[in-house]
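To start, the structure itself, in structure tokens.
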């Protein structure tokens, strides 16, 4: 990019900060990635070297959680961007560049999944086994947050996307479901939770794989949350037996590392499945909101995968069977036509 779009005042300010204040005049700056939030990322190229410039509008995105969590993860030896320069007032950061090799693309290569997941799970184990004193300062993944996330689904997915008007009895069913899923999550041992630990936020790197991105929403919460984000990924799916094997192998690694899990294999898989249901209910709402509120249609194509995860998990357990029936009776008949309308 030569000169920034004159109508994009924040990009113009960011460019001046990088070129003039940081001394990168003559460099090239170009979009680096698409984000579901208000943050934007640009790749700055100066000769053979590249950097990432982050634009985080202060009125919409607070820089402090990013800076704090980056410090935590760097401190335990994980591969996250290093903050090279910052302007807190304007919401600008210059970061080291971890590259372009996204896990989502590389997982599709023959034979890549097992070694890539081994590295990602090893990094997750480091997060969850490291001394928790500092991480306990993270916000708690409490009932209020869990419930607020799930409430996105009735508003944005059922009402806005599908056009459903639900009955009082159906709303009561959702209330019971949400409370049950929140209590299941809160009954798990707590650990560091990245909160978006999946194939679009992991990069394949030559050293200390993987590179870990988008960690600023980290919380202290249920131990299986990041595991289900990774293995029941909203952007790529694997056969259920393979997912179960990876999950149970991770359980063994946590136990070997001394994590106070206190769960049988069956308990652990139940935690994993029900937290996955909580997450995917949330994501149905988020992906619909990104389209209807924020004008970002690219996530609609992933809704069918997320809905399959939701229906499969709901069908596994007695306390979620009502919701599985609701999906079959009320959601499935409307889903295809809603997708067609939105994507037209």
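Check whether at least one residue in the range 196-211 is under 30 Å from residue 74 (Cβ atoms), surrounded by fewer than 20 Cβ atoms within 10 Å (Cβ to Cβ), free of Cβ contacts under 8 Å to residues at least 24 places away in the same chain and outside the structural domain of residue 32 (by TED's automatic domain parsing), and report yes or no.
Checked against the condition, which is being under 30 Å from residue 74 (Cβ atoms), surrounded by fewer than 20 Cβ atoms within 10 Å (Cβ to Cβ), free of Cβ contacts under 8 Å to residues at least 24 places away in the same chain and outside the structural domain of residue 32 (by TED's automatic domain parsing), the range 196-211 yields at least one hit.
Any residue in the range 299-310 that's closer than 13 Å to residue 328 by Cα: show its pairings with residues that are at pLDDT 95 or above at Cβ separation under 7 Å, as long as the two are six or more apart or on different chains.
Here the result reads 307/284; 307/335; 310/277; 310/280; 310/281; 310/284; 310/327, each pair linking the range 299-310 to a residue that is at pLDDT 95 or above.
If you go through the range 156-178 one residue at a time, how many are within 21 Å of residue 144 (Cα to Cα) and free of Cβ contacts under 8 Å to residues at least 24 places away in the same chain?
Of the residues in that region, 3 qualify.
What about residue 217, is it surrounded by fewer than 17 Cβ atoms within 10 Å (Cβ to Cβ), under 25 Å from residue 237 (Cα atoms) and under 20 Å from the mean Cα position of the chain (by Cα)?
yes
The values are calculated or read from the model by the stated rules, or taken from the named source; none is laboratory data. Worth saying up front: this structure is predicted, and the values here are computed from it rather than measured. Every residue, glycine as well, gets a Cβ built from its backbone with ideal geometry; the counts of neighbours run over all protein chains shown.
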